[in-house]
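Q: Sharing a structure here in structure tokens format.
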Amino acid sequence: MTSGWCRVGASDEVDDRQPRRFRLEAADVLIARVEGVLHAVDNICTHAFACLHEGRRRGVRIICPLHGASFDLRTGAVLGQPATEPLKCYAVREVDGSIEILLPPGA
Ligand code: FES
């Protein structure tokens, strides 16, 4: 299983509008740019099973397309029910025009 810093795409693939999904061997990740800074969270809603990249973004909030739970893109915190569990967050960085996330061992 892959761990450590993994390149997921180019920096210009994520803008300040809609977050972007990146599927890796070990994770399904949603990466958003908030005021120029990248943030990475799990792409799967913690309430049931829905892909958050299909939801709507409102500021720092991503709204689940299935039942409307919302999460803070910066922290993964629940901002609106029915979800009660936060999203997992990943460390993310930009290096030489690429986006990299840190996958922990066993991710
Ligand atoms: S699956 Fe996301 S709110 Fe229910």
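Q: Of the residues 97, 4, which single one is touching a Ser or Thr at 6+ places or on another chain (Cβ under 9 Å), in contact (Cβ under 8 Å) with a residue 60 or more places away in the chain and on the phi > 0 side of the Ramachandran plot?
A: One residue alone meets the criteria, 97.
Q: Restricting the range 23-33 to residues that are touching a strand residue (DSSP E or B) at 6+ places or on another chain (Cβ under 7 Å) and either within 16 Å of the ligand (Cβ to nearest atom) or open to solvent by less than 40 Å² (accessible area, probe 1.4 Å) (or both), which is nearest to residue 65 (Cα to Cα)?
A: Filtering the range 23-33 for residues that are touching a strand residue (DSSP E or B) at 6+ places or on another chain (Cβ under 7 Å) and either within 16 Å of the ligand (Cβ to nearest atom) or open to solvent by less than 40 Å² (accessible area, probe 1.4 Å) (or both), the one nearest to residue 65 (Cα to Cα) comes out as 30.
Q: If you check 57, 93, which single one turns out to be exposed (fewer than 15 other Cβ atoms within 10 Å of the Cβ) and either part of a strand (DSSP E or B) or among the basic types (Lys, Arg) (or both)?
A: Numbers: 57 fails: exposed (fewer than 15 other Cβ atoms within 10 Å of the Cβ).
The match here is 93.
Q: Also, quick follow-up: Out of the residues in the range 60-90 meeting the condition of being outside any strand (DSSP E or B) and open to solvent by less than 30 Å² (accessible area, probe 1.4 Å), tell me which one is nearest to residue 25 (Cα to Cα).
A: Restricting to residues being outside any strand (DSSP E or B) and open to solvent by less than 30 Å² (accessible area, probe 1.4 Å), the top hit is 87.
Q: On to the next question. Does the range 34-54 hold any residues that are more than 20 Å from residue 16 (Cβ to Cβ), near the ligand (Cβ under 8 Å from one of its atoms) and open to solvent by less than 40 Å² (accessible area, probe 1.4 Å), and which are they?
A: 45, 50
The values are calculated or read from the model by the stated rules, or taken from the named source; none is laboratory data. Since we're looking at a predicted model, the values are computed, not measured. Positions of Cβ are generated from backbone atoms using ideal geometry, with glycine treated the same way; all protein chains shown enter the neighbour counts. Just the protein is used for accessible areas: all its heavy atoms, side chains included, with ligands, DNA and RNA removed. Shrake-Rupley method; radii C 1.70, N 1.55, O 1.52, S 1.80 Å.
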